[in-house]
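One structure is given below, encoded as C-alpha cells.
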Amino acid sequence: MSVKQGDWVAAAADQVIAEGKRRGGAPLVCASGISPSGPVHLGNLREIMVPHFVADELRRRGLECRHVLSWDDYDRLRKVPAGVPANFAEHIGRPLTAVPDPCGEHESWAEHFKAPLRTALAKLGVEVDEISQTQMYTSGAYREQIVHAMRHRQQIDGVLGRYRTKKVVAEDDVEQDEEDLAATSAGGYYPYRPYCEVCDRDSTMVTDFDDASTEIRYRCECGHEGGFALSGTDSGKLVWKVDWPMRWAFEGVTFEAGGVDHSSPGSSFTVGSQLVREVFDGLPPSYLGYSFVGISGMAKMSSSKGGVPTPIDILEVVEPPVLRWLYNRRQPRQSFQIALDGEILRLYDEWDALGRKVEAGTATDLESAVRARSVGPAAGSLPSTPHPLPFRTLASVADVAAGDPEQTLRILRDFTIEEPLASLEEARPRLDRAQAWVTTYVPAEDRTQVRTEPDRERLEQLAPAQREALKLLLDGLDEHWSLTGLTSLVYGVPKIQAGLPLDVAASPELKLAQRELFVLLYELLVGRDTGPRLPTLLLALGADRIRSLLTVA
Ligand SMILES: [Zn+2]
Ligand SMILES: [Zn+2]
C-alpha cells in the first residue's frame, strides 16, 4: 500500500481500483446525484467534490475514470423554497422538469437550479458526465429494470421489511420511508409510482400489476383512475430506495459518496446494497459518507442579502483553488464551516503559507498532494493571480480605497515597491474577490471611514507628548514609505520618545505607550479606536492625506 496516513483521496482511489479488479477489470465510475429542487448549497457540493477528488486521483495515476452526475430531475417537487412565489405550490407532486421556470429564462424549474451549479463546477475545474433522470426514465432506458423490479416486488418488499421496524433518524430517510410506506399501502407492495396522465402528479397509488402483460392500474388523488403497460409506456419512476441500487447496476458505479446519515442501518445505502445484489445482479459501490458543510460569519449580515450563499456566491469571494482545498484537505466525515467574516483573512493566509511551504520544499508529501489537488484538476491548473498579494492587504486596500481604481493602483504600487504592479490586472482575480468580500460581507459599521476633515478640536487638545509623537511620525514618513519601514516607524516613535534605541525589545510600559499611540492615530484618521493594521492603513491613505489629518495647526 502506497497510501500515506490520513490521505483519504489516495485511500479511496486504492479502494476503487480494488473494486474494479474484483469486477474483472470493469470501468471505473464515480457517481454523484443532485436533485435540482431548489438552490444547490455548499453541503450538496460535497456530493460532487468527494467523488471528483477520487476520480481526479485516478486520472492522475493515468487511469480512465468516468464521473457521472445524475440530475434527479424526475423527482417530484416536494416544497417551494424561500424566494420563489408561493403559487408554485400548485406544482407540488410534478416532476421537476415539468414545473415551469421561476424566472422565465430557463426551460424548466430543474434547469433553473442546475444552471448556477454548472457555472460553479466549470470554475472549480470539475468535469462531469451529466445524466438527466427525466431523459432516462421518459426515454424508456430503464423499462426492463422497472418491469424486473415489479416482477420481484415481493422480494424487494422482503428486503425493505427487514429494516422497516428499525428507527431511522435522517431527514431524507424519513421522506424515503414515507415513500416506501405509500408504496405498500395499496394492499400489495409496488416499488413504482406512476405520474398521473391527467394531472401529471405522483399522488398516485398502484392498485394492480399483471406480471405477464406488465399492465399497471393506478388511482390518483385527482380522481383519475387509469393504467398502462410498463413495457410500452414511460410515465413514472421507481421509488428512491429501489431507484438508487438499480442505477448502480445500470451505470456500473464503483464509487459513490453520500451524507453520513445514509450509511446507518436501514438507510438507503444499506438497503440498496442488498437490493443491488439480490434483485439487480450487481454490486454496491465503494462508499464514503460525508458530513455537513456550514457557513459561519453570517450572523452580523443584514437579512436583505437573502438566503444561504450557494457555491457561485462563495466563488465571488473565495478563489476556486481555495474552495477546492476546503473540500479536500479534511476527511469527508469531518464537517467544516466556510467563514465569511474576518476568518476568511486567516483562510487565505493559511493557503498562501501552504504554497510557500510547498515551494520551499519543506511541505510533507501529503501537504504537497493536497495543494496539487487544490490548484486544479489533473487536466491542469486553474487560472491564478499573476502577482498575488495577501488577501488581508487587498481587503484593507479595497476598504480604504472604496473601489476607486486609480487610488487602488497607487496604493498597491506602494505595497510592491521591489516589483511594482504594472496594472491592476496583475492583482486580479484575487483583488476582485477582496473587493467583493468587503462590499458584500463586511458590515457597514466595520468598514473604514477615513475622515474627510481633520478633527481640529481633538488636535488642539493634544498633550505635548502626543504632539511630539505625531511630529516624529510625520517627519519620518518619506524616509519610511514602505510596509516594513512604516511598521518600524509606528512602533519606533514611542521608543524614540523614551530615549531608547529602535531595536530594543518592548517592555510592558513601552507596549502600553505604543497601544496609546495607535488608538490616537486611529481616532484621528478613521474616527474609531481600531481599524486595518496601521502600516497598511498609512500606506493606503498616502502621505498627503496623513499630513492633512495629523498636522496640528
Ligand atoms: Zn430560471
Ligand atoms: Zn391525477
Pull up the stretch 210-242, narrow it to residues that are outside any loop (DSSP other than H, G, I, E, B) and more than 16 Å from Glu197 (Cα to Cα), then point me to the one that is most open to solvent (accessible area, probe 1.4 Å).
Trp240
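From the list Ala115, Ala122, exactly one residue is in a helix (DSSP H, G or I), within 16 Å of ligand 1 (Cβ to nearest atom) and of a type in the set (Gly, Ala, Ser). Which is it? Write out each step before concluding.
On the way: Ala122 fails: within 16 Å of ligand 1 (Cβ to nearest atom).
Only one candidate passes the filter, namely Ala115.
Right, Arg277: over 27 Å from Arg94 (Cβ atoms), basic (Lys, Arg) and touching a strand residue (DSSP E or B) at 6+ places or on another chain (Cβ under 7 Å) or not? Full working, then the answer.
Details: over 27 Å from Arg94 (Cβ atoms): yes; basic (Lys, Arg): yes; touching a strand residue (DSSP E or B) at 6+ places or on another chain (Cβ under 7 Å): no.
When the stated conditions are applied, Arg277 does not pass them.
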Name the single residue that is farthest from ligand 2 (Cβ to nearest atom) among those in the stretch 91-149 being open to solvent by 60 Å² or more (accessible area, probe 1.4 Å), over 20 Å from Tyr327 (Cβ atoms) and of a type in the set (Ser, Thr, Tyr).
Ser139
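For residues that are outside any loop (DSSP other than H, G, I, E, B) and open to solvent by less than 20 Å² (accessible area, probe 1.4 Å), scanning just the stretch 260-271, find the one that is nearest to ligand 1 (Cβ to nearest atom).
Taking the stretch 260-271 as the starting set, the residues that turn out to be outside any loop (DSSP other than H, G, I, E, B) are 260-263, 268-271.
Then drop every residue that is not open to solvent by less than 20 Å² (accessible area, probe 1.4 Å), which leaves 268, 271.
Details: Ser268: 30, Val271: 35 Å.
Per the stated criteria, the residue is Ser268.
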For residues in the stretch 33-72 being assigned to a helix (DSSP H, G or I) and open to solvent by 10 Å² or more (accessible area, probe 1.4 Å), which is modelled with the lowest pLDDT?
Gly43
Taking only pairs six or more apart or across chains, which ones have beta-carbon atoms under 7 Å, a first residue in the stretch 196-216 that is more than 16 Å from ligand 1 (Cβ to nearest atom), and a second residue that is of a type in the set (D, E, K, R) and in a loop (DSSP other than H, G, I, E, B)?
Asp200/Arg94; Arg201/Arg94; Ser203/Glu221
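Taking the stretch 12-32, which residues are surrounded by 22 or more Cβ atoms within 10 Å (Cβ to Cβ) and out of contact with any His (no Cβ under 9 Å at 6 or more places or on another chain)? Don't jump to the end; show me each part of the working.
Filtering the stretch 12-32 for residues surrounded by 22 or more Cβ atoms within 10 Å (Cβ to Cβ) gives 12-13, 16, 28-32.
The answer is Ala12, Ala13, Val16, Leu28.
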Among the residues of the stretch 515-553, the number that are assigned to a helix (DSSP H, G or I) and in contact (Cβ under 8 Å) with a residue 24 or more places away in the chain is 23
Can you tell me which residue is modelled with the highest pLDDT among those in the stretch 295-313 that are hydroxyl-bearing (Ser, Thr, Tyr) and surrounded by 13 or more Cβ atoms within 10 Å (Cβ to Cβ)?
Thr310
Hey, any hits in the stretch 472-480 for a residue that's of a type outside the set (Ser, Thr, Tyr), buried (at least 18 other Cβ atoms within 10 Å of the Cβ), out of contact with any strand residue (DSSP E or B) (no Cβ under 7 Å at 6 or more places or on another chain) and at pLDDT below 90?
no
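Just checking, which of Val504, Val519, Val526 is open to solvent by less than 70 Å² (accessible area, probe 1.4 Å), over 29 Å from Gln407 (Cβ atoms), of a type outside the set (D, E, K, R) and out of contact with any strand residue (DSSP E or B) (no Cβ under 7 Å at 6 or more places or on another chain)?
On the way: Val519 fails: over 29 Å from Gln407 (Cβ atoms); Val526 fails: over 29 Å from Gln407 (Cβ atoms).
Exactly one of Val504, Val519, Val526 is open to solvent by less than 70 Å² (accessible area, probe 1.4 Å), over 29 Å from Gln407 (Cβ atoms), of a type outside the set (D, E, K, R) and out of contact with any strand residue (DSSP E or B) (no Cβ under 7 Å at 6 or more places or on another chain), namely Val504.
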Determine if the stretch 202-217 includes at least one residue that is more than 16 Å from Val147 (Cβ to Cβ), within 16 Å of ligand 2 (Cβ to nearest atom) and β-branched (Val, Ile, Thr).
yes
Lone unmet requirement of (1) more than 16 Å from ligand 1 (Cβ to nearest atom); (2) under 28 Å from the mean Cα position of the chain (by Cα) for His148:
(2)
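The values are calculated or read from the model by the stated rules, or taken from the named source; none is laboratory data. No experiment lies behind these values; they were computed from the predicted model shown. Cβ atoms come from the backbone with ideal geometry, glycine included; neighbour counts cover every protein chain shown. Quick note on the areas: whole protein, heavy atoms, side chains included, nothing else; ligands and nucleic acids left out. Shrake-Rupley method; radii C 1.70, N 1.55, O 1.52, S 1.80 Å.
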